[in-house]
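Trainee: Have a look at the structure that comes next, please.
The values are calculated or read from the model by the stated rules, or taken from the named source; none is laboratory data. The structure presented is a predicted model; accordingly, all values stated were derived computationally and were not measured. Using ideal geometry, Cβ is built from the backbone for each residue, glycine included, and neighbour counts are taken over all protein chains shown. Note: accessible area is taken over every heavy atom of the protein model, side chains too, but ligands, DNA and RNA are not part of it. Shrake-Rupley method; radii C 1.70, N 1.55, O 1.52, S 1.80 Å.
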Amino acid sequence: MVCLVKENCGVVGAFSLEGYNVTPLLIASLETLQHRGQESWGLAVVNHETFKRPGIVFQSIDVEYDKIIRINGGSGIGHVRYSTTAKSTVEYAQPIDIGRMTDNKNFRIVHNGTLEREILAENLKGLGLSPPQGASDTELMGLNLYVLLKKHGSWIEAFEKLNPCLNGSFSLVILAPNGEIVAVRDERGFRPLCIGWHEETSSYIVVSESCALEVLGAKLIRDIEPGEIAIINRDGLKSEHFAKCEKHAHCPFEYTYFAHPSSKIEGITVYNVRKNIGRILAEKYPVEGDVVVPVPDSARPAALGYSERSGIPFEEGLLKDRYRRKGGWRSFIEPEKREVIVSKIVAVKEVIEGKRVILIDDSIVRGTSSKIIVGSKLRGAKSVSLLLTFPPIIYPCYMGIDFPSQEELLAYKVCGESKNLEEINRKVAEYVGASFVGYNDIEGLSEGIGLPKNQLCLACTTGDYSCLKRRPIFRSREEMRR
Ligand code: SF4
């Protein structure tokens with residue numbers, strides 16, 4: 001999929017048992033996690049003020065190398081952001097400072113996920129603090145934790161007490177004033193979070209995705225479990241659970257679109273999942289065609305899988321212009337600017353002209369760019385059959401992905417809440433101008449990932465929000481803005 005969805009951040013934390021400077025580890029990890037957010041970034045290192053900048057990491061490093069190199073210490077946290085709640089200005093960048101800096105219960109926090117704000121604001125009032133105007137979900141969670149930590153003295157108790165109000169998803173890392181690192185994952189495990197070991201600096205490293213460990217030459221130890229708090233300090237790594245995981249709810253979107261193909265989530269390599277799903281699509285939809293073409297970049301392994309299973313040649317018929325601003329990145333921008341980004345995809349005419357193209361994409365959210373790719377980029381093709389690795393998205397996501405308004409979702413717009421795949425395939429094909437559209441189904445998704453359906457969050461395709469503590473109220477984008 002091209003730039004349709006905003007991702008919802010990457011987090012990192014590092015603690016060196018031998019006091020090595022962890023800033024280079026944090027920066028390298030954030031650069032590797034850049035695909036999870038490009039709006040702003042930041043880091044907090046023990047005994048240094050929090051540093052936050054708009055844009056992507058390397059841009060700031062080019063300009064402010066001398067300043068950044070002076071931020072050094074034996075533990076720290078970092079964040080790359082794209083907003084799913086709150087505004088997208090640098091004032092909402094993370095890490096967020098929580099509490100008075102003169103107080104030994106203050107901390108800095110980075111968060112991947114989305115939490116219901118109303119319930120956190122209400123709870124905060126009950127604890128005797130007024131929610132700040134325009135506070136993000138992360139800040140509200142942090143302030144609640146701050147009050148509870150002062151009252152109960154331990155992270156585990158603070159999270160146990162706050163957990164009933166934590167409605168949504170969170171994979172987060174906290175830096176305490178004494179340098180302790182606290183990594184926490186919600187009890188459903190929607191978003192990934194894993195821990196590794198960097199031998200050279202004797203450091204534990206917590207990252208959203210294992211691809212960051214790979215780049216550092218660090219070893220993946222394991223995923224942080226749903227409901228787990230991992231605390232890292234001079235005594236090493238200690239783990240406790242603040243909640244029992246009744247039912248895992250992995251977000252399958254991480255596997256099909258968000259995560260880096262080289263990442264391993266719960267022991268499953270994302271690249272393999274995408275390729276498996278391509279094979280499954282080839283069996284489900286044995287479409288006649290001359291070439292299999294991926295929409296760059298995330299659909300490439302699925303297209304390879306489709307090509308392998310069908311025997312139809314794989315071709316790079318669409319390429320991203322890597323040297324234009326945003327062209328080489330996965331770009332997440334406002335809906336009205338999407339056409340601009342799609343324009344940075346260039347078709348290789350010789351590959352597509354006069355051919356029956358089997359176009360593989362990971363998903364359709366609003367349908368805007370699929371329509372442009374089919375109608376304009378692939379003009380000259382004899383026919384275009386569009387196959388999608390993710391099932392129809394009919395309901396909004398309240399667990400960290402930015403498709404929060406149902407009215408915008410193409411499958412809903414053309415078919416309402418119908419789950420009739422044939423009807424959705426037909427109507428979406430009419431809308432995007434393809435000869436044929438074939439969505440994956442839930443069974444194919446589950447088989448491709450290698451996890452049972454009941455361990456996946458499928459709310460955006462089924463409307464079953466039982467993995468949340470309370471069902472969300474659907475709002476239009478306009479209502480949310482207000
Ligand atoms: S609603 Fe969809 S995108 Fe959101 S967490 Fe669930 S599966 Fe992932």
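Trainee: Just check segment 261-305 against the gyration tensor rule for me: Cα atoms, a ≥ b ≥ c as the square roots of the eigenvalues, rounded for a/c under 1.5, and otherwise prolate or oblate depending on whether a/b exceeds b/c.
Mentor: It is oblate, given that a/c is not under 1.5 and a/b is not larger than b/c.
Trainee: Please name whichever of Asn21, Phe51, Leu33 sits farthest to the positive end of the charge dipole of segment 19-65, dipole taken about the Cα centre and charges placed at Cβ: Lys and Arg +1, Asp and Glu -1.
Mentor: After comparing all options, I get Leu33.
Trainee: Set Lys and Arg Cβ to +1 and Asp and Glu Cβ to -1, take the dipole of the chain about its Cα centre, and tell me which of Tyr92, Ser203, Val110 lies farthest positive.
Mentor: Ranked along the dipole, the leading option is Tyr92.
Trainee: Something else about it: Go through segment 238-244 residue by residue and turn each phi into a ³J(HN,Hα) via Karplus (6.51, -1.76, 1.60, θ = phi - 60°); whole Hz please, and just put x for glycine and proline.
Mentor: 10, 10, 9, 10, 8, 8, 8
Trainee: Something else about it: Under the rule of at least 5 residues apart or a separate chain, name every residue whose amide H is placed under 5 Å from the amide H of Val291.
Mentor: Arg356, Ile358
Trainee: Would you pull out the residues with amide H under 5 Å of Leu129's amide H, same chain only if 5 or more places away, H placed 1.01 Å from N?
Mentor: Correct list: empty.
Trainee: Still on this structure: Ordered by residue, what ³J(HN,Hα) values in Hz, to whole numbers, does segment 363-375 give under the Karplus form 6.51 cos²θ - 1.76 cosθ + 1.60, where θ = phi - 60° and Gly and Pro are x?
Mentor: 6, 10, 9, 9, x, 4, 6, 4, 4, 5, 5, 5, x
Trainee: Here's something else I'd like to know. Pull out a ≥ b ≥ c, the square roots of the eigenvalues of the alpha-carbon gyration tensor of segment 405-482, then state rounded if a/c is under 1.5, prolate if not and a/b is larger than b/c, and oblate in the remaining case.
Mentor: Since a/c reaches 1.5 but b/c is at least a/b, the shape of segment 405-482 is classed as oblate.
Trainee: What size of dipole, in debye to the nearest 20, comes out for the chain about its Cα centre when the only charges are +1 on Lys and Arg C-beta atoms and -1 on Asp and Glu C-beta atoms?
Mentor: About 780 debye.
Trainee: Using DSSP to call loops (not H, G, I, E or B), can you name the trypsin sites (Lys or Arg not before Pro) in segment 202-303 whose Cβ has at most 10 other Cβ atoms within 10 angstrom?
Mentor: When the trypsin sites (Lys or Arg not before Pro) of segment 202-303 are filtered for loop state and at most 10 Cβ neighbours within 10 Å, Lys244 remain.
Trainee: Cα to Cα, under 19 Å, and not fewer than 8 places away if on the same chain: which aspartates and glutamates meet these conditions relative to Lys427?
Mentor: The qualifying aspartates and glutamates are Asp361, Asp362, Glu407, Glu408, Glu417, Asp441.
Trainee: Right, here's the next one. State which helices in the chain qualify, where a helix is a whole DSSP H run, it must extend 20 Å or more along its own axis by its Cα atoms, and its mean Kyte-Doolittle hydropathy must be at least -0.5.
Mentor: 137-152, 270-284
Trainee: In addition: By the gyration tensor of its Cα atoms, with a ≥ b ≥ c the square roots of the eigenvalues, what is the shape of the chain: rounded for a/c under 1.5, prolate for a/b over b/c, or oblate?
Mentor: Prolate shape, in that a/c is at least 1.5 and a/b is the bigger ratio.
Trainee: Using just the helices of the chain, give the 222 nm mean residue ellipticity in deg cm²/dmol: DSSP H runs with n ≥ 4 each add -39,500 (n - 2.57), and the total is spread over all residues, rounded to 500.
Mentor: -8000 deg cm²/dmol
Trainee: A follow-up question, please. Can you send over the solvent-accessible area of Lys427, 1.4 Å probe, protein chains only, in Å² to the nearest 10?
Mentor: 70
Trainee: Given 5 Å bins starting at zero, what is the percent of C-alpha pairs of segment 222-287 in each, up to the one with the largest pair distance?
Mentor: 3, 14, 17, 15, 16, 14, 9, 5, 3, 2, 1, 0
Trainee: Here's something else I'd like to know. Please give me the summed charge of the neighbours of Thr201: other residues whose Cβ is under 13 Å from its Cβ, Lys and Arg +1, Asp and Glu -1.
Mentor: Charge balance near Thr201 sits at -2.
Trainee: Need the list of lysines near Lys244 for cross-linking: C-alpha distance under 28 angstrom, and skip anything on the same chain fewer than eight residues off.
Mentor: Lys105, Lys125, Lys150, Lys151, Lys161, Lys219, Lys264, Lys453, Lys469
Trainee: Now, a different point. Quick check: net charge around Leu17, other residues with Cβ under 14 Å of its Cβ, Lys/Arg +1 and Asp/Glu -1?
Mentor: -3
Trainee: Another one. Give the long-range amide H neighbours of Phe170: residues separated by 5 or more places, or on another chain, with amide H under 5 Å away, using H modelled in the peptide plane at 1.01 Å from N.
Mentor: Residues meeting the amide H criterion: Asp186, Phe190, Arg191.
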